[in-house]
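The values are calculated or read from the model by the stated rules, or taken from the named source; none is laboratory data. Quick caveat, the model's predicted, so the values are computed rather than measured. Reconstructed Cβ throughout: ideal geometry from the backbone, glycine too, with neighbour counts over all protein chains shown.
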Amino acid sequence: MSKVDLSVQVGSLKFRNPILLASGTVGYGNEISEFIDLTKIGGIVTKSLSLKPRKGNPPQRIVETPAGMLNAIGLQNVGVEEFLKEKIPFLKKFDVPLICNIAASTLEEYVECTRLLTSEEFIKGFEINVSCPNVKEGGLQFGNDPIAVGKITQKVKAVTNKPIIVKLSPNVSYISEFARVVKEEGGDAVSAINTLVGTSFNINTRKPKIFNVFGGLSGPAIKPIALAKVLEIKQKVDIPIFGVGGIMNWKDVVEFMIVGASAVQIGTLNFIDPTASGKMISDLENYCTENNIQKISELTGSFSLDN
């Protein structure tokens, strides 16, 4: 049998394989580059960028939980200007597609970040993090309001010719309704899912373990939920999907693709074993060879619901 084709297409974006590194888990790529060959993976999604630098929340900001972790970093980042000046030159050393994750507290900030970053040719697309509080609307997350998600998608699409991926919150009743809005307003793909809301308390002090009280739950604990959300989108909306949530090995990658993901993003696992994503690629190739799959993209949406 000929060599397996591991390349995947997500909208107009092409990746050498379906393994991307998720936003917020590998910084801007420089630290993780000491552990894996960045030119071997599919792509990198940067940690969230806002217009101006953000300090984030005070510690404690990360807490380990059974089968996962809670984080409330508070979108700490260097800001768009510093990113373009200080971080992009390092990333340009590597032949790896770069997706910029954008977080904002107003619609105007999403638009301005996208506009400023569009001029950098090395950036291949944008992942819009809508799980941010809308300061103009009293703090309700953009991602919980389909009208707001639609408006953001429409407005950022208007200032860039690069693909727009909207990272959807799972903290809603029907995630497919949000995916549909993204598609209707011209979005190119969705990432599913962002973290779930969680908390953890110290039973002796009776105080929250996280300064912010609530944090985002990630890791293997959320994988069944993430799979169900990806499947829901795949069944209801014709839009490419990045599968995210609790991927710990190559089998999880295959499972996400079967339920509808075109590619996946590795997150919490990067904290446990920063070399893991690089090792998955040969395992995926072996799986395809053993199952007579010539193109890994054939797996996407190949599920059968017959018992």
Worksheet item: Within segment 57-81, can you find the residues that are within 22 Å of TYR110 (Cα to Cα), surrounded by 14 or more Cβ atoms within 10 Å (Cβ to Cβ) and not hydrophobic (A, V, I, L, M, F, W, C)?
Response: ASN57, GLY74, GLN76, ASN77, GLY79
Worksheet item: On the given criteria, is PHE303 surrounded by fewer than 17 Cβ atoms within 10 Å (Cβ to Cβ), of a type in the set (Phe, Trp, Tyr), out of contact with any His (no Cβ under 9 Å at 6 or more places or on another chain) and closer than 29 Å to LYS183 by Cα?
Response: yes
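Residue-by-condition table, conditions (1) free of Cβ contacts under 8 Å to residues at least 24 places away in the same chain; (2) buried (at least 20 other Cβ atoms within 10 Å of the Cβ); (3) farther than 20 Å from LEU140 by Cα:
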site	(1), (2), (3)
ALA179	no, yes, no
VAL182	no, yes, no
GLY186	no, no, yes
ILE193	no, yes, no
SER200	no, no, yes
GLY215	no, yes, no
PRO220	no, no, yes
ALA226	no, yes, yes
Worksheet item: Does at least one position in segment 248-267 carry a residue that is surrounded by 20 or more Cβ atoms within 10 Å (Cβ to Cβ) and within 17 Å of GLU64 (Cβ to Cβ)?
Response: yes
Discussion item. Could you go through segment 285-301 and let me know if any residue there is within 22 Å of ALA189 (Cβ to Cβ) and touching a Gly at 6+ places or on another chain (Cβ under 8 Å).
Written reply: yes
Worksheet entry | segment 282-296 - residue that is surrounded by fewer than 18 Cβ atoms within 10 Å (Cβ to Cβ) and in contact with a Ser or Thr (Cβ under 9 Å, 6 or more places away or on another chain) and, of those, farthest from GLY243 (Cα to Cα) | GLN294
Discussion item. Quick check on my filter: what residues within segment 134-154 are buried (at least 16 other Cβ atoms within 10 Å of the Cβ) and over 16 Å from SER191 (Cα atoms)?
Written reply: ASN134, GLN141, ASP145, ALA148, LYS151, GLN154
Worksheet entry | Scan of segment 34-43 for residues that are outside any loop (DSSP other than H, G, I, E, B) and touching a Phe, Trp or Tyr at 6+ places or on another chain (Cβ under 7 Å), ordered by number | GLY43
Discussion item. On the basis of being crowded, with 23+ Cβ neighbours inside 10 Å, among the β-branched types (Val, Ile, Thr), farther than 29 Å from PRO224 by Cα and at pLDDT 95 or above, does THR46 make the cut?
Written reply: no
Worksheet entry | Positions within segment 17-67 being among the β-branched types (Val, Ile, Thr) and either closer than 19 Å to ILE99 by Cα or under 13 Å from the mean Cα position of the chain (by Cα) (or both), in sequence order | ILE19, THR25, VAL26, ILE32, ILE36, THR39, ILE41, ILE44, VAL45, THR46
Discussion item. When you check GLU86 against the structure, is it within 25 Å of ILE32 (Cα to Cα) and surrounded by fewer than 21 Cβ atoms within 10 Å (Cβ to Cβ), yes or no?
Written reply: yes
